[in-house]
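Chemist: Take this structure first; my questions come after.
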Amino acid sequence: MSTVIEQAVQARLIAAEPQSRAIPAALRYDRTDPLAVHLVFPPAASLDGAEVVWTFGRDLLAEGLRRPAGAGDVRIWPCGIDGTVVEFHTAGGMAVVQFAARDLRLFLTRSYAVVEKGAETLHLDVDGDLATLLREA
């Protein structure tokens, strides 16, 4: 079984002006970073023409599908019958993006097949990460 999964998703950038627009995105999960989910927006979706990657906890995504979650740079909550809103905050502003909740649930299910929920710490390489950090210091 692959240790990395990637799933294309359609997002809707919520904005007052100009109108909301659909943008492609991809969700990525890697067994070597078992606590994290990576949400990748292509260069065409950003203001500066560069790919944008947001990394946040897999558990935050799971919780945000059920109820409002997050208090930092990433906040997630259910919206309507099958929507989920993800709000991103930076020093320069914020963006609000809506996804189909079924797509996010499918991604989580696929990620749990790679690393079971609750078993994330068994896949951490603390010694290797610490050795890398010390080499870079």
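The values are calculated or read from the model by the stated rules, or taken from the named source; none is laboratory data. Everything numeric in this text was worked out from a predicted model, so none of it was measured. Ideal geometry is used to build each Cβ from the backbone, glycine not excepted, and the neighbour counts take in all protein chains shown. Quick note on the areas: whole protein, heavy atoms, side chains included, nothing else; ligands and nucleic acids left out. Shrake-Rupley method; radii C 1.70, N 1.55, O 1.52, S 1.80 Å.
Chemist: Of the conditions (1) free of Cβ contacts under 8 Å to residues at least 60 places away in the same chain; (2) closer than 15 Å to I14 by Cα, D73 fails just one. Which one is it?
Modeler: (2)
Chemist: Still on this model: Out of all the residues in the stretch 51-76, which are touching a helix residue (DSSP H, G or I) at 6+ places or on another chain (Cβ under 6 Å), among the small types (G, A, S) and open to solvent by 40 Å² or more (accessible area, probe 1.4 Å)?
Modeler: Correct list: G70 only.
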